Amino acid sequence: MCGIGGVLYFDNNRIVEQPMLKRMADTIYHRGPDDEGFYIDRNAGLCFRRLSIIDLNTGHQPMTSSRSGLTIVFNGEIYNFPELRELLLKKGYVFRTATDTEVILYLFEEYGVNCLGYLRGMFAFAIWDPANKQLFCARDRFGIKPLFYYSDNEKFVFGSEIKVILNAGNIDRTISFDALDSYFAFSYISGNLSVYESVRKLFPGHYMLITFNGKPDIQIRRYWDIKFEPDYSKTEEYWTEEIENCLNETVKMHMISDVPLGAFLSGGIDSSAIVSFMARNSRLPVKTFSIGFSDKKIDELPYARLVAKKFGCQHHEVVVEPESISVLPGIISCFDEPFADSSAVATYFVSKIARENVTVALSGDGGDELFAGYNHYTYLSKLHSFPFHINSPFFGKIFWSGLHGIIPRDMKGKKATYLFSTGKDYLGAYLYNYSMKERRKMFLHDHDKVVLSNGSELYKAGLIREADKSDFVSNMQFLDMKTYMVDSILTKVDRTSMMNSLEVRVPLLDHKFAELTFRIPSGLKLKGNEQKYIFKKTIAPSMPEAIMNRSKQGFSIPLSSWFKNDLAEYVNDTLLSPNPRLSEYIDKKFVRRLIKDSLAKERNVNSQIWSLLCFEEWLKQNGRLTNAV
């Protein structure tokens with residue numbers, strides 16, 4: 001696990017200077033405290049920070065091929081690199097290291113962009129081709145690892161985090177209001193947007209080719225996508241056997257490491273399953289890490305202990321209290337842009353306790369998306385089963401307008417609504433934090449017009465139209481994987497774990513395992529009211545009964561009790577001060593009404609208040625944003 005960055009000047013006579021690369025790399029020291037490296041080829045430069053995981057002594061980057069001169073910087077892990085290494089050895093390649101980095105380098109040398117089809121793992125990497133003056137950048141299929149980029153008429157800059165790019169110097173920092181609209185709509189910034197108009201994310205499953213032939217040429221192409229192809233001919237027994245065999249293989253692959261390794265354990269289905277397969281493939285007790293809360297309504301420690309005891313784990317716990325809010329500035333800083341998933345606080349602390357014991361941890365992220373595990377899948381599926389005319393555009397808009405936004409999403413105060421096409425087909429559903437109507441009321445100046453003409457809902461509407469409209473559950477899975485999973489869950493885990501110099505691996509998002517789940521009919525994922533039916537059936541024989549029978553509980557912090565008690569004064573002092581920084585953007589009257597509603601318990605607005613707190617903190621760290629008006 002590492003941090004990477006680089007610059008390509010479009011003027012061939014301009015030389016990249018190492019002090020700039022050093023400055024860029026230093027901003028992500030936390031991603032790789034073990035080593036640093038730099039490469040300069042006149043107008044092209046690469047920088048690198050290393051967290052040593054595999055081949056501790058000879059894995060220095062940037063790494064250059066002695067045959068072709070190709071040079072790579074790489075962040076991530078390739079779990080099938082030993083077999084790929086054997087393939088390349090047979091083709092005559094000579095290896096100087098035992099790293100997956102060198103495998104990627106030679107795969108690209110042999111197969112070009114088609115090398116991506118061979119890789120199983122999480123990755124973001126860049127390869128400089130000095131002969132053709134071309135930069136190749138790629139990101140893994142689900143976006144487990146981040147990659148940001150910036151381009152103007154002078155240069156192309158990329159990095160693992162936005163701060164890498166900003167420290168390259170002379171970067172346009174105009175704020176993207178589309179990104180802020182996405183943030184307040186969903187608590188995260190979706191798609192390829194960042195908070196800065198000129199900085200973008202490379203989409204998961206995509207690569208870039210950057211060349212300069214008189215003028216900059218940047219090509220972005222997709223190499224993999226989510227595609228549901230259900231096979232209705234197979235029995236439940238067939239699927240359970242396939243799930244067990246494939247998951248056992250991928251967990252075993254994810255356990256390859258030259259440093260201490262453990263697992264996050266919440267006591268939920270997914271993390272418990274990962275721990276069970278780790279125990280099966282380990283000679284030593286698995287080290288597990290859990291967090292809890294004094295609020296017993298959401299405390300999962302008793303369930304985590306059951307699993308740890310069942311599989312003989314070496315278990316570690318930490319209880320998160322309201323005063324943990326003191327870490328908010330650091331957490332907001334690590335994201336480089338507004339981010340309001342409150343569970344980032346919990347993920348930070350579980351990463352912190354894990355890093356005190358191990359360097360690598362496996363997590364159960366991705367299970368809810370792959371096996372339809374969210375509560376909203378259940379109740380929205382029920383509503384979807386209403387007569388067709390209720391779900392048609394004409395009658396549906398009338399019917400659903402009465403229900404719009406009244407259905408709560410578990411404990412977080414988010415709401416669900418529906419998307420319709422302009423034709424007759426019913427499309428799907430999405431969750432939101434602030435509705436379009438609310439955002440038009442809250443924003444100052446002419447921002448409400450931007451919301452109305454280019455609201456973030458349109459992005460999700462476009463995604464759902466790419467999905468298979470005939471299967472509602474698959475539609476929701478597709479939408480969540482394209483948005484919430486990558487832009488909230490995986491982003492949260494990457495930044496907070498790397499803030500602690502901890503590598504987190506995600507076995508359920510191995511693309512071979514995911515592609516297996518894409519073939520399982522949705523009726524075996526959500527069967528009646530039972531979420532994750534086929535996955536539960538697979539793992540039930542080895543699990544404590546209490547784990548299998550418990551209801552779904554999201555991974556979050558107890559905002560409701562914190563805001564009512566310990567943090568009430570903090571909320572008021574921050575948001576109701578005479579001149580909060582967010583008042584440049586947000587109507588003060590709107591904020592006061594929101595807090596009043598919260599105190600009166602008229603509605604659950606905890607996630608909305610949290611998003612305002614995070615935005616205010618981000619503004620404190622980044623100054624006034626008048627250029628966004």
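Key figures
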item: Matching residues in segment 207-262 - criterion: being open to solvent by less than 50 Å² (accessible area, probe 1.4 Å), among the β-branched types (Val, Ile, Thr) and in a loop (DSSP other than H, G, I, E, B); result: Ile226, Val259
item: Residues (of a type outside the set (Gly, Ala, Ser) and not in a loop (DSSP other than H, G, I, E, B)) located in segment 176-206; result: Phe177, Asp178, Leu180, Asp181, Tyr183, Phe184, Phe186, Tyr196, Val199, Arg200, Lys201, His206
item: Single residue of segment 151-171 satisfying the filter (charged (D, E, K, R), over 20 Å from the mean Cα position of the chain (by Cα) and open to solvent by 20 Å² or more (accessible area, probe 1.4 Å)) that is farthest from Arg495 (Cα to Cα); result: Glu154
item: Which numbered condition Lys512 fails, given (1) over 15 Å from the mean Cα position of the chain (by Cα); (2) within 17 Å of Ser351 (Cα to Cα); (3) open to solvent by 10 Å² or more (accessible area, probe 1.4 Å); result: (2)
item: Any hit, segment 551-559, residues being in a helix (DSSP H, G or I) and either closer than 23 Å to Ala354 by Cα or touching a residue at least 40 places away in the same chain (Cβ under 8 Å) (or both); result: yes
item: Residues (of a type in the set (Val, Ile, Thr) and in a helix (DSSP H, G or I)) located in segment 520-544; result: Ile534, Thr538, Ile539
item: Criterion (open to solvent by less than 20 Å² (accessible area, probe 1.4 Å), at pLDDT 95 or above, of a type outside the set (Asp, Glu) and at positive phi) met by exactly one of Lys525, Lys532; result: Lys532
item: Qualifying residue in segment 491-501 (condition: in contact (Cβ under 8 Å) with a residue 12 or more places away in the chain, crowded, with 19+ Cβ neighbours inside 10 Å and in a strand (DSSP E or B)); result: no
item: So Val320, is it crowded, with 18+ Cβ neighbours inside 10 Å, in contact with a strand residue (DSSP E or B) (Cβ under 9 Å, 6 or more places away or on another chain) and modelled with pLDDT of 95 or more; result: no
item: Selection from segment 311-363 of residues that are assigned to a loop (DSSP other than H, G, I, E, B) and more than 20 Å from Leu180 (Cα to Cα); result: Phe311, Gly312, Cys313, Glu321, Glu356, Asn357, Val358, Thr359, Ser363
item: Single residue of segment 472-490 satisfying the filter (among the β-branched types (Val, Ile, Thr) and open to solvent by less than 10 Å² (accessible area, probe 1.4 Å)) that is modelled with the highest pLDDT; result: Val486
item: Ile547 being β-branched (Val, Ile, Thr), part of a helix (DSSP H, G or I), touching a residue at least 60 places away in the same chain (Cβ under 8 Å) and open to solvent by less than 10 Å² (accessible area, probe 1.4 Å); result: yes
item: Number of the condition not met by Leu21 [criteria: (1) at pLDDT 95 or above; (2) open to solvent by 70 Å² or more (accessible area, probe 1.4 Å)]; result: (2)
item: Number of the exception - Tyr93 against (1) surrounded by 21 or more Cβ atoms within 10 Å (Cβ to Cβ); (2) farther than 25 Å from Ile220 by Cα; (3) among the aromatic types (Phe, Trp, Tyr); result: (1)
item: Residue check, Ile165 in contact (Cβ under 8 Å) with a residue 12 or more places away in the chain and either farther than 30 Å from Ser363 by Cβ or not in a helix (DSSP H, G or I) (or both); result: no
item: Subset of segment 589-625 (residues that are modelled with pLDDT under 90, more than 16 Å from Lys441 (Cβ to Cβ) and of a type in the set (Lys, Arg)); result: Lys601, Arg624
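The values are calculated or read from the model by the stated rules, or taken from the named source; none is laboratory data. Given the structure is predicted, the values throughout are model-derived calculations rather than measurements. Neighbour counts are summed over all protein chains in view; Cβ atoms, including those assigned to glycine, are modelled from backbone coordinates with ideal geometry. Ligands, DNA and RNA are excluded from the accessible area calculation, which covers all protein heavy atoms including side chains. Shrake-Rupley method; radii C 1.70, N 1.55, O 1.52, S 1.80 Å.
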